[in-house]
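Please read the structure below before turning to the comments.
Taken together, the values in this text are just the output of simple stated rules run on the coordinates, not laboratory data. Keep in mind the model is a prediction, meaning the values are calculated, not measured. Every residue, glycine among them, receives a Cβ derived from its backbone with ideal geometry; neighbour counts consider all protein chains shown.
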Amino acid sequence: MGMTMSQKILAAHTGQSELSAGELIEADIDLVLGNDITSPVAIREMERTKAGQVYDREKVVLVMDHFVPNKDIKSAENAKTCREFACRQCIKHFYDVGKMGIEHALIPEKGLCVPGDLVVGADSHTVTYGALGAFSTGVGSTDMAAAMATGKLWFKVPRAIKIELKGKPSKYVTGKDLILYIIGMIGVDGALYESMEFCGEGVKELSMDDRLAVCNMAIEAGGKNGIFPVDDITLEYVAEHLSEKNRAVLGEKASKEEIKAAVGKTIGRIYEADEDAEYEKELVIDLSELKPTVSFPHLPSNARTVEEAEKLGVKLDQVVIGSCTNGRISDMRQAAEILRGRKVAENLRCIIIPATQDIYLQAMREGLLEIFIEAGAIVSTPTCGPCLGGYMGILADGERCLSTTNRNFVGRMGAKTSEVYLAGPYVAAAGAVTGYITSPESLV
Amino acid sequence: MQAKGKVIKYGDNIDTDIIIPARYLNIMDRRELASHCMEDLDADFSKKVESGDVIVAGSNFGCGSSREHAPQVIKDSGISCVIAESFARIFFRNAINIGLPIVECPEAAKAIACGDEVEINFDTGEIKDITLNKSFRAQPFPEFLQNMINAGGLINYINKEI
């Protein structure tokens, strides 16, 4: 029987030629990730293992992004625990203030994950790297500890949902709108324990930033992972974001075409689902029919089109543009396209957070930061801060925020009577201008 | 292994932000952390919960973040078992890894009411609602997971293997 793309990657990491859904396996891990919230617990647990040290100092990545720059003394202590551990264990990829960015934007950018990899991270949004054709999933701190110590972890081989994309999205429709639409359709447990495997001619219409946003929110449908096939867009991305290690393998002078040709050979592996792979469910989505989408409180599945939302006159107190879902350069460009020459509404706070130092710098060079500041928005150093109600934009009782982040649960961004509405950067920026949920079309 | 206690019942999609809001994730002291368990949904939870109590909930329990603090605060609050129609994937792993007993059983989760006295036998998968005088049967865990649970969690399990 045929295997899905996810099953093939898992099989390759167990040394077995065939796996079927439901099997319990132990697989070799290519990369283990943790942040400043989940790592301190993992460090404590890993030091309890007999191994007592990481299996490969180049395959563990620690990113200080959630409450860093330290929001308070307790957060500072946690970051210090990670810093000292990284030093003690000679962790090569430790990203602290000045080098850090939001982990799921940083890792693809640094080329630390390539097609065919098996990645686990103690952060639920680790699912993001499926955009690169990798199998990538979130785990807890104890799993992270076990993976750090042994380089292996147990998995139940997942079933899959096949999502075939066709057509071309219209202006203002992004990867975020696609994933909010899908979650609205299948629900917050619609892909529970399953892979969400994307395919079809519509895939080529989605940029790498779109695909990263789509896979990022697979967890919001309960998915174990989201994954895209590897195509020329993936190869271009890998060539432009080569890790130091792979750069050394291919040589400083390797051209872009040479790097692209090396993907699947010396860099990563390219997997395709078998034609006779079995799927739990098959969906077909015509991208040309999608509309900019907003998810209402308090579940990401409460999706409505922005036109419907606009009619309800939802007044906003805050807009956040950033996060591991939508803090990439194309998100910054989309926000700037709307905010250019316009002003943020009176009595509304607009907080924009480029996800990494490189994105921040690029946005600065392109003049985007100037557009944001002239519009009356603030621009923050990279941090997960407001998305999880950590800091840098906490909501008071009854306040409403339109946000490009990924969760709108009760109390997610602050007080328990506050409300979070999820959308892509175009819609978020349009809301910042009018002070209400507004279609970008209405501004033109 | 068995658990017995009074039921505290919740609905569907109890997310990890409800179980333990992120604003407390900088707290490393487990007792202090547990005092905030469920507070945005059920402000009295930490006062009313008694050692041995059982949480019964609907589908997708523990959805959202990967924070292991979620099953940890439930365990540290004295909850002896969580019965749900279904669990979110990462919460399921985390609960087993840290040794919080969980049971997936839609029939039991639907029928059992708040305040009922229940008894769970983890070896047979039997859930008995003493108040209703009704029994339910959950699928027992596969042997591999049962071994991990018996070892007292993932770290103890791998320490046996290394």
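Observations
- Placing +1 on the Cβ of every Lys and Arg and -1 on the Cβ of every Asp and Glu, with no other charges, gives the range A:293-438 a dipole of roughly 160 debye about its Cα centre.
- Per residue, the convex hull spanned by the Cα atoms of the range A:374-413 amounts to 89 cubic angstrom.
- Taken over the alpha carbons of the protein assembly as shown as equal point scatterers, the Debye sum produces base-10 log I(q)/I(0) values at 0.07, 0.11, 0.13 Å⁻¹ of -0.39, -1.02, -1.46.
- Applying D = kT/(6 pi eta Rh) to chain B, where Rh is the Kirkwood radius over alpha-carbon pairs, T corresponds to 4 °C and eta to 1.567 mPa s, the Stokes-Einstein value obtained is 82 µm²/s.
- Restricting the range A:82-185 to trypsin sites (Lys or Arg not before Pro) in coil, as DSSP defines it, with at most 12 other Cβ within 10 Å: A:171
- Of the residues A:279, A:251, A:139, the one whose Cα sits farthest towards the positive end of the charge dipole of the range A:5-283 is A:251 (charges of +1 on Lys and Arg Cβ, -1 on Asp and Glu Cβ, taken about the Cα centre).
- Farthest positive-ward along chain A dipole, Cα basis, beta-carbon charges - from A:3, A:104, A:376: A:376
- Based on the reciprocal of the average 1/r between different C-alpha atoms, the Kirkwood radius for the range A:293-438 equals 14.6 Å.
- Beta bridges per DSSP with both ends in the protein assembly as shown, % antiparallel, nearest 5: 30
- About the Cα centre, charge dipole magnitude for the range A:5-283 (Lys/Arg +1, Asp/Glu -1 at Cβ), debye: 880
- Normalising the average separation of contacting C-alpha pairs (under 8 angstrom, six or more residues apart) by the number of residues puts the relative contact order of chain A at 17 percent.
- Order of B:46, A:39 under a 10 Å beta carbon neighbour criterion, fewest first: B:46, A:39
- Radius, Kirkwood style, for the range A:5-283 when every pair of distinct Cα atoms is counted (Å): 19.1
- From the alpha carbon centroid of the range A:162-184 to that of the range B:94-162 is 39 Å.
- Positive minus negative residues near residue A:112 (Lys, Arg vs Asp, Glu; Cβ under 15 Å): -4
- Think of each Lys and Arg Cβ as +1 and each Asp and Glu Cβ as -1; about the Cα centre, that makes the dipole of the range A:165-287 roughly 540 debye.
- Couplings 3J(HN,Hα) for the range A:60-74, derived from phi with the Karplus relation 6.51 cos²θ - 1.76 cosθ + 1.60 (θ = phi - 60°), are 10, 10, 10, 10, 8, 10, 6, 10, 10, x, 2, 7, 7, 5, 5 Hz, where x marks Gly and Pro.
- Gyration tensor verdict on the range A:2-98 (Cα atoms; rounded if a/c is under 1.5, prolate if a/b is larger than b/c, oblate otherwise): prolate
- Principal semi-axes in Å for the range A:250-375 [√(5λ), Cα gyration tensor, largest first]: 35, 27, 12
- Cα centroid separation, the range A:332-354 to the range A:389-433 (Å): 15
- By the count of other C-beta atoms within 10 Å, a proxy for reagent exposure, B:24, A:360 are ordered fewest to most as B:24, A:360.
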